[in-house]
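Visitor: Quick one: the structure is below, questions incoming.
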Amino acid sequence: QVQLVESGGGLVQAGDSLRLSCAASGHIFSINTMGWYRQALGEERELGATLTSSGNSNDADSVKGRFIISRDNAKNTVYLQMNSLKPEDTAVYYCKIINFGATQWGQGTQVTVSS
């Protein structure tokens with residue numbers, strides 16, 4: 001069993017920054033990909049950014065140049081630094097890991113950006 005603990009969400013104003021964290025613990029064998037997805041109210045879940053253990057990242061066009069994904073492999077933690085936030089970034093942000101081939105999602109953290 002793997003547990004994912006997310007933190008860092010909140011209510012901010014447009015132009016502000018937030019940093020999300022997701023720490024994995026439990027039966028961790030080999031985490032290849034760690035990343036963040038988001039789901040706005042009434043919308044489908046979509047890619048935010050992912051990062052593999054070898055350093056390859058995949059960012060959605062909507063966040064390129066504003067969001068920075070990073071990870072601490074020793075701590076099994078992935079971070080999402082979100083800068084220049086916009087109201088359209090408002091969503092529940094979900095952490096996702098692929099651990100030895102198995103996908104696991106976090107419980108989600110709410111990010112709300114007011115105009």
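Visitor: How big is the Rg/Rh ratio for the chain, C-alpha atoms only, Rh by Kirkwood, two decimals? Can you show the working numbers first?
Guide: Details: Rg = 13.4 Å, Rh = 14.0 Å.
With Rh from the inverse mean 1/r over Cα pairs, Rg/Rh is 0.96.
Visitor: Right, something else. Rank by packing, highest mean first: peptides 79-88, 56-65, 1-10, with packing defined as the count of other Cβ atoms within 10 Å averaged across residues.
Guide: Details: 79-88: 17.0, 56-65: 12.9, 1-10: 15.1.
Ranked from most to least packed, the peptides come out as 79-88, 1-10, 56-65.
Visitor: Right, something else. If you place +1 on the Cβ of every Lys and Arg and -1 on the Cβ of every Asp and Glu, how big does the dipole about the Cα centre of region 65-115 come out, in debye to the nearest 20? Numbers along the way, then the final one.
Guide: On the way: 5 positive and 3 negative charges, 21 e Å.
Approximately 100 debye in magnitude.
Visitor: Measure off, as a whole percent, the carbon and sulfur share of the 1.4 Å-probe accessible area of the chain, all protein chains present. Mind dumping the intermediate values first?
Guide: Values: 2890 of 6090 Å².
Percent of accessible area from carbon and sulfur atoms in the chain: 47.
Visitor: Dipole magnitude of the chain about its Cα centre, charges +1 at Lys/Arg Cβ and -1 at Asp/Glu Cβ only, in debye to the nearest 20? Mind showing how you got there, number by number?
Guide: Details: 9 positive and 10 negative charges, 56 e Å.
Dipole about the Cα centre, nearest 20: 280 debye.
Visitor: When the Kirkwood radius is taken over all Cα pairs of region 34-79, what Stokes-Einstein diffusion coefficient follows at 20 °C and 1.002 mPa s, in µm²/s?
Guide: Numbers: Rh = 11.3 Å.
Here the translational diffusion coefficient equals 190 µm²/s.
Visitor: Roll a 1.4 Å probe over the protein chains and send me the accessible area per residue for region 32-115 in Å². Provide the component values of the computation, followed by the final result.
Guide: Details: 4340 Å² over 84 residues.
Per-residue value: 52 Å².
Visitor: Now, a different point. Relative contact order for the chain: what is it in percent, counting Cα pairs under 8 Å that are at least 6 residues apart? Don't skip to the end; give the middle numbers.
Guide: On the way: 280 pairs, mean separation 41.8, N = 115.
So the answer I get is 36 percent.
Visitor: Region 1-64: which chymotrypsin sites (Phe, Trp or Tyr not before Pro) are DSSP loop and have at most 16 other beta-carbon atoms within 10 angstrom? Don't skip to the answer; put the middle values down first.
Guide: Working: sites: Phe29, Trp36, Tyr37; in loops: Phe29.
Counting only loop positions with at most 16 other Cβ atoms within 10 Å, the chymotrypsin sites (Phe, Trp or Tyr not before Pro) in region 1-64 are Phe29.
Visitor: Need the list of aspartates and glutamates near Lys96 for cross-linking: C-alpha distance under 13 angstrom, and skip anything on the same chain fewer than eight residues off.
Guide: Partners found: Glu6, Glu46.
Visitor: Roughly what percent of Cα-Cα pairs across region 1-54 reach past 19 Å? All intermediate terms of the calculation are to be shown ahead of the outcome.
Guide: On the way: 616 of 1431 pairs.
Summing the P(r) of region 1-54 above 19 Å gives 43 percent of all pairs.
The values are calculated or read from the model by the stated rules, or taken from the named source; none is laboratory data. Since we're looking at a predicted model, the values are computed, not measured. No Cβ is skipped: glycine too gets one built from the backbone with ideal geometry, and neighbour counts run over all protein chains shown. Surface areas here come from the heavy atoms of the whole protein model, side chains and all, with no ligands, DNA or RNA. Shrake-Rupley method; radii C 1.70, N 1.55, O 1.52, S 1.80 Å.
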